[in-house]
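What follows draws every value from the coordinates through simple rules; no lab data is involved. These numbers come from a predicted model, not from an experiment. For neighbour counting, all protein chains shown are included, and Cβ atoms are generated from backbone atoms with ideal geometry for every residue, glycine included.
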2 protein chains.
Amino acid sequence: MTPETLARLKAAAGSNGFSEDPTEIAPHLEEWRSKYKGRSALLLKPVTTAQVSAILAICNETSTAIVPQGGNTGLVGAQIPFDGEVVLSLARMNKTRSIDKAAHTLTVEAGVVLAKVQKAADDAGLYFPLSLAAEGSATIGGNLSTNAGGVAVLRYGMARDLVLGLEVVLADGRVLDLLRTLRKDNTGYDLKQLFIGAEGTLGVITAASLKLFPKPAQLATALVAVASPDAAVKLLAEMQEHAGGLISAFEIMPHIGIELVTAHIPGARDPLSRPSPWYVLVEAAGAAQFPLTSIFEAALAQSAHVTDAVVASSGTQREALWALRESMSEAQKREGASIKHDVSIPVSTIPVFLEKATAAVLKILPGARAVSFGHIGDGNIHFNFSVPRGGDPDAFLSRWEEVQRAVHDLVHEFHGSISAEHGIGVQKRDQLALYKSAAELDVMRALKRTLDPRNILNPGKVIAV
Amino acid sequence: MTPETLARLKAAAGSNGFSEDPTEIAPHLEEWRSKYKGRSALLLKPVTTAQVSAILAICNETSTAIVPQGGNTGLVGAQIPFDGEVVLSLARMNKTRSIDKAAHTLTVEAGVVLAKVQKAADDAGLYFPLSLAAEGSATIGGNLSTNAGGVAVLRYGMARDLVLGLEVVLADGRVLDLLRTLRKDNTGYDLKQLFIGAEGTLGVITAASLKLFPKPAQLATALVAVASPDAAVKLLAEMQEHAGGLISAFEIMPHIGIELVTAHIPGARDPLSRPSPWYVLVEAAGAAQFPLTSIFEAALAQSAHVTDAVVASSGTQREALWALRESMSEAQKREGASIKHDVSIPVSTIPVFLEKATAAVLKILPGARAVSFGHIGDGNIHFNFSVPRGGDPDAFLSRWEEVQRAVHDLVHEFHGSISAEHGIGVQKRDQLALYKSAAELDVMRALKRTLDPRNILNPGKVIAV
């Protein structure tokens with residue numbers, strides 16, 4: 001970057017809108033697991049869309065690469081400047097622009113933290129369903145740029161499904177105002193879809209209009225013991241029918257997962273009287289007058305697929321059940337090295353997939369411990385393996401690529417996805433070529449060239465051009 | 001078209017796959033209201049994706065324009081060959097490819113009629129919620145190409161929201177296989193979104209994987225008298241809260257609408273004891289054990305916005321209530337000339353919009369009778385006017401453009417949409433320039449040029465390049 005470009009970018013970002021201080025920049029270069037680490041000499045921190053626009057116009061004119069960043073919680077390296085790019089932090093664009101209680105819509109800037117979006121909805125007596133582990137630091141702009149998933153997808157869909165409108169700054173600095181709050185709008189191509197899940201490679205999201213929902217007056221939550229993933233899939237269909245589509249979460253956990261959580265997480269305990277090979281955490285949300293708890297009790301009692309179950313009778317008990325599920329990543333981390341996959345498979349074939357894929361991994365890594373858990377209700381399994389008890393973590397981790405290839409090959413064979421909710425970033429970029437058709441890759445590249453002809457927006461992420 | 005190109009296209013479509021017979025072609029040139037009429041000397045009727053691929057490859061190579069067509073029920077002229085283009089009918093691509101009951105997915109070819117899609121879901125004990133007046137002839141390919149709306153959008157979303165995967169033939173004949181059945185798939189740009197609602201201008205949809213839902217075991221339906229649209233909007237929020245988001249339809253009708261229906265449609269009657277300025281038809285769908293009817297009765301009894309109400313106590317009574325709403329277009333047609341708009345407005349501002357827009361129209365056409373009805377729950381109003389009683393229909397209709405401009409200007413002022421569910425086609429193409437930003441139009445044109453560089457796919461529709 002020339003001194004002149006540097007000066008122009010700093011001026012465009014405003015007097016408190018930039019930093020060249022390595023100490024301030026450092027946290028923006030590395031993600032929390034220290035898996036990816038980049039480098040950059042300039043952090044820009046705009047507070048207005050006009051500043052983002054001016055910054056991108058300069059970047060485009062001078063072919064200066066830039067990496068947009070929200071809460072820096074992404075898991076695939078999309079938010080890291082690997083090659084000295086300018087970091088564009090949206091964190092200071094954190095205003096709520098408007099809320100419409102009657103229309104159930106909320107318009108916020110990209111840098112608003114997800115937990116604060118949830119709270120703004122809650123304060124208005126409404127509900128924003130996107131919920132995920134990183135919600136205390138992830139920003140809504142990042143959530144939309146990665147099309148985040150989380151625990152409520154089964155009922156409410158992915159982040160994409162929660163968006164009514166976007167404000168986007170294009171690569172050349174033009175502002176695309178698509179900030180509509182309409183449920184129905186068929187006036188030409190739905191351009192906002194291009195930027196959702198594009199990981200900042202096609203434009204920079206600066207604000208979003210979101211869908212809100214009636215706040216569920218009542219939750220019913222159960223932990224259910226089942227013999228197998230097949231029993232879990234069958235139970236899913238039964239519960240969906242009994243609860244009339246109100247199932248908001250349906251999570252599977254293996255016995256070893258519960259074992260790890262109770263071993264590593266203080267206060268965690270298995271509330272069932274004897275161990276089960278598999279567990280399902282199921283939850284429904286609905287109006288106060290719906291007899292959800294008795295529907296759950298009746299459905300579980302009459303199901304041929306349930307060997308034991310407990311229905312939460314208080315908020316505290318509900319939280320204890322959820323803590324089992326939510327502590328699983330942390331417990332697996334404390335147990336030692338692990339190899340992870342974020343895949344999805346058509347729900348009905350998950351049982352067969354788990355069997356075949358586990359066998360394929362054990363062939364490469366005998367003794368590895370399968371800890372497959374996750375959102376089986378929407379087909380998304382965190383297909384993870386922990387190092388064999390007493391095994392060498394480095395030797396174990398050295399087989400990551402080989403294991404991943406075997407797993408992803410099977411995912412492809414099962415018409416699944418090698419990235420269900422985490423995205424592509426740099427981590428899986430080169431794998432797209434293995435599993436996507438030439439036509440699909442061509443269209444992706446054509447879109448990238450059309451919307452970012454100078455390749456300044458998060459270059460090298462998602463797709464190489 | 002050269003004789004050689006003609007011969008190649010006929011060969012590509014197969015021996016029963018084309019027609020040059022004007023009698024057979026005629027019904028493909030004109031839509032049912034006779035509003036648009038085109039011309040074409042060649043109808044192609046492929047039965048396989050490979051045939052569509054071969055046809056488009058030839059069209060692209062020879063710069064031959066082609067108009068894809070499903071059930072020919074579109075309302076904005078998108079499916080009409082105005083300039084002698086080849087007609088590509090997808091109607092013979094009408095196979096169900098697969099259904100997965102456990103995963104709640106259905107994969108069908110583009111030419112399957114919507115009612116048959118609904119039936120295939122129903123036969124499997126499941127539910128496909130897209131429902132609209134033309135469902136007996138509209139095809140799913142056309143529904144997706146126009147991102148159809150209908151009466152269940154409030155609960156289930158637009159056609160776009162019901163799609164998991166697509167098979168698309170690109171302008172150059174390459175087949176883009178995006179036929180996935182996954183709920184979660186974050187592997188790069190979500191290309192299917194480009195083709196949904198693009199009205200056949202960016203590619204030809206040949207098959208789709210659709211989301212199915214648990215079949216509602218129970219419906220509660222009420223016809224409610226309210227004093228004003230404002231009361232209707234307030235009732236919507238109340239009902240959503242009481243029924244926990246299970247409201248599947250919330251339709252508004254004015255007194256004159258009920259009057260026209262009872263006057264023109266045999267057997268129709270107003271079930272309430274005295275006339276009301278406005279009526280709401282509200283329906284919820286849910287599991288068998290939910291006390292929906294008593295929730296409705298209690299909610300309506302305690303609402304300050306309800307002046308009278310009847311809750312359907314049988315399927316027959318429910319159908320009679322729906323007939324009032326569904327006959328409204330037909331009744332208005334029988335009443336004489338009308339000027340129509342398909343607009344959407346943020347729900348909370350609909351009452352003010354209706355007041356202002358009605359005043360604006362009456363200023364141009366004193367005595368015109370406002371028949372504003374529709375899906376107020378999702379913000380979509382069919383803002384229609386009937387000719388004054390005894391007025392001259394031609395004089396009335398001659399003011400269409402002027403009236404439309406006044407209405408659409410107000411829609412724009414209210415941050416609404418000038419085409420909520422019908423699309424753009426040719427009817428509203430030139431109006432996009434009035435209401436979309438230059439940046440948005442530029443990106444639309446750039447996409448069109450990228451995906452259809454020779455402008456062979458439905459040229460002149462949606463956007464001019």
If you scale each eigenvalue of the Cα gyration tensor by 5 and take the root, what three semi-axes come out for chain B, rounded to whole angstrom and sorted largest first? 39, 27, 20
Going by the alpha-carbon gyration tensor, a ≥ b ≥ c the square roots of its eigenvalues, is region A:381-465 rounded (a/c under 1.5) or, if a/c is not under 1.5, prolate (a/b greater than b/c) versus oblate? prolate
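Multiplying the sequence separation of B:V465 and B:V352 by 0.36 nm and subtracting their Cα-Cα distance, what value in nm do you get?
Taking 0.36 nm per residue and subtracting the Cα distance, the gain is 37.0 nm.
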Post the alpha-carbon centroid distance, region A:431-464 to region A:248-276, in whole angstrom. 41
Magnitude of the charge dipole, region B:118-244, Cβ model with Lys/Arg +1 and Asp/Glu -1, debye to 20: 220
Unit charges at the beta carbon, dipole of chain A: most positive-side option, A:V343, A:I247, A:L182: A:L182
Electrostatic dipole magnitude of chain B [Cβ: Lys, Arg +1; Asp, Glu -1; Cα centre; debye, to 20]: 480
Assuming R0 = 60 Å, what is the FRET efficiency of A:S34 and B:A360, from their Cβ-Cβ distance, to the nearest 0.05? 0.45
Can you pull a Stokes-Einstein diffusion coefficient for region B:1-150 at 4 °C (1.567 mPa s), Rh from Kirkwood over Cα pairs, as a whole number of µm²/s? 80
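Using C-alpha positions alone, give me the convex hull volume of region B:255-349 per residue in cubic angstrom.
With only Cα atoms used, region B:255-349 gives 144 Å³ per residue.
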Where does the charge balance sit around A:M1 when Lys and Arg score +1, Asp and Glu -1, over other residues with C-beta under 14 Å from its C-beta? -2
Dipole axis of region A:53-148 (+1 Lys, Arg; -1 Asp, Glu on Cβ), positive-most option in A:L88, A:C59, A:A103: A:A103
Pulled fully out, how much extra length does the chain show between A:R389 and A:Q317, if you take 0.36 nm times their separation in residues and subtract their Cα-Cα distance? 22.7 nm
Spin-label pair B:A7/B:E238, simplified geometry with 7 Å Cα→Cβ offset, distance in nm: 7.4
Could you go through region A:186-192 in sequence order and give the Karplus-derived ³J(HN,Hα) for each residue, using 6.51 cos²θ - 1.76 cosθ + 1.60 with θ = phi - 60°, rounded to whole Hz, and x for Gly and Pro? 10, 9, x, 4, 7, 4, 4
Dividing the convex hull volume of the Cα atoms of region A:229-288 by its residue count, what figure in Å³ per residue is obtained? 111
Which of the DSSP-defined H helices in chain B satisfy a minimum axial length of 18 Å, computed from C-alpha atoms, and a minimum mean Kyte-Doolittle hydropathy of 0.5? B:49-62, B:350-364
Mind checking which lysines have their C-alpha under 24 Å from A:K211, skipping anything on the same chain fewer than 8 residues away? A:K95, A:K101, A:K116, A:K119, A:K184, A:K192, B:K184, B:K192, B:K211, B:K234, B:K436
Taking 7 Å along the Cα-to-C-beta vector as the label spot, tell me the B:L272-B:R97 distance in nanometres, rounded to one decimal. 4.8
As an exercise, use a Förster radius of 60 Å and the Cβ-Cβ distance of B:R449 and B:H255 to find the FRET efficiency, rounded to the nearest 0.05. 0.75
Row for region B:49-89, column shape: gyration tensor on C-alpha, a ≥ b ≥ c, rounded if a/c < 1.5 i.e. under 1.5, prolate if a/b over b/c, else oblate; value oblate
Dipole magnitude of region A:281-412, debye to nearest 20 (Cβ charges: Lys/Arg +1, Asp/Glu -1, about Cα centre): 240
FRET efficiency, A:A433 to A:A298 (Cβ-Cβ, R0 45 Å, nearest 0.05): 0.35
Could you line up B:W322, A:W278 from fewest to most neighbouring Cβ atoms inside 10 Å? B:W322, A:W278
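By its C-alpha gyration tensor, with a ≥ b ≥ c as the square roots of the eigenvalues, how is region B:146-199 shaped: rounded for a/c under 1.5, else prolate for a/b larger than b/c, else oblate?
On the way: a/c = 2.72, a/b = 1.46, b/c = 1.86.
In terms of gyration-tensor shape, oblate.
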